[in-house]
Amino acid sequence: MKIDVVFTAGAIAPEELAGRTAVVFDVLRATSTIVTALANGCRAVVPVVDVDEAGRVAERLGQDAADGLESHGVLLAGERDGAKLPGFPHGNSPLEFGPEVIAGKTLVLTTTNGTRAIHGAAPAAAIYAGSLLNARAAAAAALAAGRDVTLVCAGTRERFSLEDTAAAGFVLMELLALAGAAAAGQAEQAAGGEAVAGAAGQMPSGSSGRALPAGPKTAGHSERSASAGDGAGGSFFRAPSTSKNAPGSAVRPELSDAALAALHLARAYRQNPLQIMYDSRHGQKLLGMGLAADLAWCARLNALDVVPVYRDGRLVL
């Protein structure tokens, strides 16, 4: 199994996704919202790139917009540059979509970066939505698919995104742990490195030094911690052999340089995933918009055991 990371939606090469499993990340906030909505009983999420097209899709699904879309089980949501779109009933906050709002309904969603990345991954054989919230579940799904894997980061306006790349690294950590357990069946290899633990607000080694305010705590990020399959010593060993796995043998992941970089980025934040949000430029922007609660929610590592899959234009469970 070969694993690669694409750092922005614009860097997606369709021919390189063919036959592979893609896991798409827009941690702040599209894929975190998609994962949350579906975990809370949403029937399907329809990702749309264009704002006007999102309105038309919602009207078509609602059949009769005059009576109100939500009365027909269709919710229209979207943002640009972090702000709710004018005239849209809902924005892109995962906290808007509790069970009382979203259960049994279809969500039509358009966002600045995430919905574009999902559409861009269309050439892949299978497409999953990934986030910190479902890192372990996404890793298990990617491993079970048995294909080469591309972790697709949406990025922010075609630029590298700290939080998306770190989330890809956390999924990779989980995947390596699962693959190691399958390969060895020994406790030391299944357990790997240190568990992700620690209180929100603690500075991880190698962070930018931006201080956390006294406010948000990362609820539940240590409940189901990521175990690093890269070894207790903190390094990932690339096996020198280039031979294919023998029939019936366990999968041996082969990491690209980009994947290895994402892995080590995640390891730097393993003690406190919330710090990723505060260190990232987009996280800082959302903080300035009063959305600290969104950051705290999106940093809850392995809080949800669902894997949205994109098929026929919709994300479903």
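The values are calculated or read from the model by the stated rules, or taken from the named source; none is laboratory data. Because the structure is a prediction, the values reported are computed rather than measured. Glycine also receives a Cβ, built like all others from the backbone with ideal geometry; neighbour counts cover every protein chain displayed.
Take the conditions under 16 Å from residue 129 (Cβ atoms), among the basic types (Lys, Arg) and modelled with pLDDT of 95 or more and apply them to residue 281. Does it pass?
Answer is no for this residue.
Residues are listed down the side, and each one gets a yes or a no for (1) under 20 Å from residue 23 (Cα atoms); (2) of a type outside the set (Val, Ile, Thr); (3) modelled with pLDDT of 95 or more:
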{"position": "44", "(1), (2), (3)": "yes, yes, yes"}
{"position": "47", "(1), (2), (3)": "yes, yes, yes"}
{"position": "53", "(1), (2), (3)": "no, yes, yes"}
{"position": "72", "(1), (2), (3)": "no, yes, no"}
{"position": "93", "(1), (2), (3)": "no, yes, yes"}
{"position": "99", "(1), (2), (3)": "no, yes, yes"}
{"position": "102", "(1), (2), (3)": "no, no, yes"}
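For residues that are assigned to a helix (DSSP H, G or I) and closer than 16 Å to residue 124 by Cα, tally how many sit in region 140-187.
Counting residues in region 140-187 that are assigned to a helix (DSSP H, G or I) and closer than 16 Å to residue 124 by Cα gives 5.
Output the residues belonging to region 142-158 that are within 13 Å of the chain's Cα centre (by Cα) and either at pLDDT below 95 or under 18 Å from residue 2 (Cα atoms) (or both).
Residues satisfying the conditions are 142, 150, 151, 152, 153.
Any chance you could count how many residues in region 1-58 are closer than 24 Å to residue 283 by Cα and in a helix (DSSP H, G or I)?
14
Taking the condition touching a helix residue (DSSP H, G or I) at 6+ places or on another chain (Cβ under 6 Å), touching a residue at least 12 places away in the same chain (Cβ under 8 Å) and part of a strand (DSSP E or B), does residue 77 pass?
Taking the combined requirement at face value, the residue does not satisfy it.
Being surrounded by fewer than 22 Cβ atoms within 10 Å (Cβ to Cβ) and either over 21 Å from residue 258 (Cα atoms) or touching a helix residue (DSSP H, G or I) at 6+ places or on another chain (Cβ under 7 Å) (or both) is the filter here, so list the residues in region 15-43 that pass it.
Within region 15-43, 39, 40, 41, 43 qualify.
For residues in region 115-139 being of a type outside the set (Gly, Ala, Ser) and closer than 14 Å to residue 169 by Cα, which is surrounded by the fewest Cβ atoms within 10 Å (Cβ to Cβ)?
Only one residue tops the list, namely 136.
Whether any residue in region 120-141 is touching a helix residue (DSSP H, G or I) at 6+ places or on another chain (Cβ under 9 Å), farther than 23 Å from residue 282 by Cα and of a type in the set (Lys, Arg) is what I want to check.
Yes, there is a match, as at least one residue in region 120-141 is touching a helix residue (DSSP H, G or I) at 6+ places or on another chain (Cβ under 9 Å), farther than 23 Å from residue 282 by Cα and of a type in the set (Lys, Arg).
Looking at residue 268 and the list (1) buried (at least 24 other Cβ atoms within 10 Å of the Cβ); (2) more than 14 Å from the chain's Cα centre (by Cα); (3) closer than 17 Å to residue 171 by Cβ, which single condition is not satisfied?
If we test residue 268 against (1) buried (at least 24 other Cβ atoms within 10 Å of the Cβ); (2) more than 14 Å from the chain's Cα centre (by Cα); (3) closer than 17 Å to residue 171 by Cβ, just (1) comes out false.
Just the residues that are of a type in the set (Asp, Glu) and touching a helix residue (DSSP H, G or I) at 6+ places or on another chain (Cβ under 8 Å), please, taken from region 285-314.
Of everything in region 285-314, those that are of a type in the set (Asp, Glu) and touching a helix residue (DSSP H, G or I) at 6+ places or on another chain (Cβ under 8 Å) turn out to be 294, 305.
Scan region 285-304 residue by residue and report those that are within 12 Å of the chain's Cα centre (by Cα) and either modelled with pLDDT under 95 or within 8 Å of residue 133 (Cβ to Cβ) (or both).
Answer for region 285-304, where residues must be within 12 Å of the chain's Cα centre (by Cα) and either modelled with pLDDT under 95 or within 8 Å of residue 133 (Cβ to Cβ) (or both): 298, 300, 301, 302, 304.
If I ask for residues that are of a type in the set (A, V, I, L, M, F, W, C) and within 13 Å of residue 117 (Cβ to Cβ), which ones from region 2-27 would you list?
Selection gives 5, 6, 7, 9, 11, 12, 17, 22, 23, 24, 25, 27.
Yes/no matrix, rows are residues, columns are (1) crowded, with 19+ Cβ neighbours inside 10 Å; (2) out of contact with any Asp or Glu (no Cβ under 7 Å at 6 or more places or on another chain); (3) in contact (Cβ under 8 Å) with a residue 60 or more places away in the chain:
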position	(1), (2), (3)
13	no, yes, no
45	yes, yes, yes
51	no, yes, no
88	yes, yes, no
92	yes, no, yes
103	no, yes, yes
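Look through 219, 122 and report the one residue that is part of a loop (DSSP other than H, G, I, E, B), at pLDDT below 95 and either aromatic (Phe, Trp, Tyr) or within 29 Å of residue 46 (Cα to Cα) (or both).
Just one listed residue meets the conditions, 219.
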